[in-house]
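Here the structure is laid out as structure tokens; the discussion comes afterwards.
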Protein chains: 2
Amino acid sequence: MDTDYAPEGTPADRRRQKVRDSILAAAERVFAREGESGLSIRRLADEIDYSPSAIYKYFGSKEELLEELKDAFFKRLLIQVDRVSAALTTFDERARTCVTTYVETAIERPHHYAAAFSSVAAEDDPAERVPVSWEDFIQSRKGRAFKILVDMVEEGQANGTFDASLSPVVAAKSVWAASHGLALLLIHIPKFAGMQPCGGNLSREAFVAFHADIIMRGLSAPGRLSAPLERMEQSND
Amino acid sequence: MDTDYAPEGTPADRRRQKVRDSILAAAERVFAREGESGLSIRRLADEIDYSPSAIYKYFGSKEELLEELKDAFFKRLLIQVDRVSAALTTFDERARTCVTTYVETAIERPHHYAAAFSSVAAEDDPAERVPVSWEDFIQSRKGRAFKILVDMVEEGQANGTFDASLSPVVAAKSVWAASHGLALLLIHIPKFAGMQPCGGNLSREAFVAFHADIIMRGLSAPGRLSAPLERMEQSND
DNA sequence: ATATCTTGTGAACACTGTTCACTTTGTGAA
DNA sequence: TTCACAAAGTGAACAGTGTTCACAAGATAT
């Protein structure tokens, strides 16, 4: 029975939520710094002064707990990209910022982003055999993030910036793949952007911007090559 | 004295090498199918009828053993890309094949490729503070693979296909990031290529080819947009 | 106050990578 | 051949890991 006169469930419920949150907070703290290898149930229990088995009263498994961390991170990533790109006026700026914000936010929490894409799907997994329906995908967190890209491509096609003959969804996948790759390379090789012969050097931000430009050029309509590439070529040190 | 690459060292040496190879072979077999989570020293020992501790007479650690697997895979990847792209005559074909072969070879052994890029570099790692010198990088396996891309970009610039104002190294990084991202997305989401609304569907190969085209377009010289994009748009089912 | 459901616990299970004292085996020299 | 020394191989143990479970303490509802 639910005699909930309180703003949020019964006192017991709120108490429970508090403990749950403290577990998540501790997990987030450790995971952000040391990743999955540093996050053990026993250490987590130590940190919040509970016994290891107590955690299983709040989370079914370590996997489940991690899933919640990653989901929260992706929610943040989604909001960030949405917010930043919505604030800009010109389409070119908005499109580029879509990519740069995605990458910058991703590498802000390298362990989160890498872990979100660490599992290798087995091709004989029965769950993998059933084709994911588009409707289901677009409902998920990653799906909604992807939708932003599709909309962006469609807008670019409508205003003549992008090649109208491209399938928006396919083009968006390409953009995602390119952004994803840069994020993960920067996470795996932090010096990736700066590494260069001849003493030439590019800051990380400059390289991300460059990459975004290259991506946009790849989608651009024939005979409509914007030339903003040069502006970041001279940022050496 | 060591008889260098002689067909046989001492009999003991060859015996040792045989056992070492059998360990590596068993490790490869298990790792290719189940990845790092399925590969335990004890299981490996079982598989080759040795005790777990025996393995440490041949490899310093599990990490070291894995490193050898990954290195062998990257060697294969390197050879594959080199061989396939060298066999083609026109530059356009060669450049595209560079990317497609990289991606296809990578996802052929998803666990190997993913594991090779799974570690998250800590920004406070002292080894990370020292900037990797270009000379050292180009000597490593990844470096040599990267060099192929740089050469490819330079060739494209020389023959007028690519924008000559781009730094070859920076452009190559962009190409690598884009290819890397596609490979990992396909590994993580096998249905990635086919997922689409409106019943439209692209085979994995077709999508990889499309992505390669987009990348090439991103680097292409102003006013020189090749239009090979359309040919793969109609491969639905 | 009693019965019930929730929280929390410590011990245990089945794993993991790794080390180490130990025995067995192979090899090169006297 | 015999002896000695190094290499190969072993089982037990250490310090971890995620997870389960019987059980005790606490809060809640009747």
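When the Cα positions of A:48, A:61, A:176 are compared along the charge dipole of chain A, A:48 comes out farthest toward the positive end, with charges on each C-beta of Lys, Arg, Asp and Glu. Put a plus charge on the Cβ of each Lys and Arg, a minus charge on the Cβ of each Asp and Glu, and nothing anywhere else: the dipole of chain B about its Cα centre is then about 400 debye. So what is log10(I(q)/I(0)) for chain B at q = 0.09, 0.11, 0.18 1/Å, when the Debye sum runs over its Cα atoms only? Here log10 of I(q) over I(0) equals -0.52, -0.74, -1.36. Among A:167, A:85, A:37, determine the one that fluctuates most according to a GNM of chain A built with springs between C-alpha atoms less than 10 Å apart. Ranking A:167, A:85, A:37 by mean-square fluctuation puts A:37 first.
Neighbours of residue B:178, meaning other residues whose beta-carbon lies under 13 angstrom from its beta-carbon, give a summed charge of +3 when Lys and Arg score +1 and Asp and Glu score -1.
Lys and Arg at +1, Asp and Glu at -1: add these up for the other residues within a Cβ distance under 9 Å of residue B:138 and post the number. That sum, taken over residues with Cβ under 9 Å, equals 0. Cα-Cα over 26 Å: which of B:18/B:70; A:57/B:191; B:75/B:173; A:75/B:62; A:57/A:147; A:142/B:62? Distance filter (> 26 Å) returns A:57/B:191; A:75/B:62; A:57/A:147; A:142/B:62. For the Cα trace of the protein assembly as shown, dividing Rg by the Kirkwood Rh returns an Rg/Rh value of 1.00. To one decimal in nm, how far is residue B:138 from the same spot in the other copies, if labels go 7 Å from Cα toward Cβ? Please give the shortest first. Ordered by distance, the counterparts are at 4.9 nm. Per residue of A:211-219, other chain Cβ atoms within 10 Å of the residue Cβ number 6 on average. Each other copy holds its own label point for residue A:64; taking that point as 7 Å from Cα along Cα to Cβ, the gaps run 4.1 nm, nearest first. Sorted from greatest to least, the principal axis extents spanned by the alpha carbons of the stretch B:38-143 come out as 54, 37, 20 Å. Residues whose amide H comes within less than 5 Å of that of residue B:220, counting only those at least five positions distant or on another chain, are B:163 (H built at 1.01 Å from N in the peptide plane). The protection proxy used here, the mean number of other Cβ atoms lying within 10 Å of each residue, ranks peptides A:172-184, A:110-122 as follows, highest first: A:172-184, A:110-122. When you restrict to C-alpha pairs under 8 Å that are six or more residues apart and normalise by the size of chain A, the relative contact order lands at 16 percent.
Counting Cβ atoms of other protein chains within 10 Å of each residue's Cβ and taking the mean over peptide B:201-210 gives 2. With Cβ to Cβ distances under 12 Å as the rule, what net charge do the other residues near residue A:51 carry (K, R +1; D, E -1)? So the environment of residue A:51 carries a net charge of 0.
Quick note: the coordinates plus some simple rules give every number you see, no bench work behind them. Just so you know, these numbers come straight off a predicted model, no measurement behind them. For neighbour counting, all protein chains shown are included, and Cβ atoms are generated from backbone atoms with ideal geometry for every residue, glycine included.
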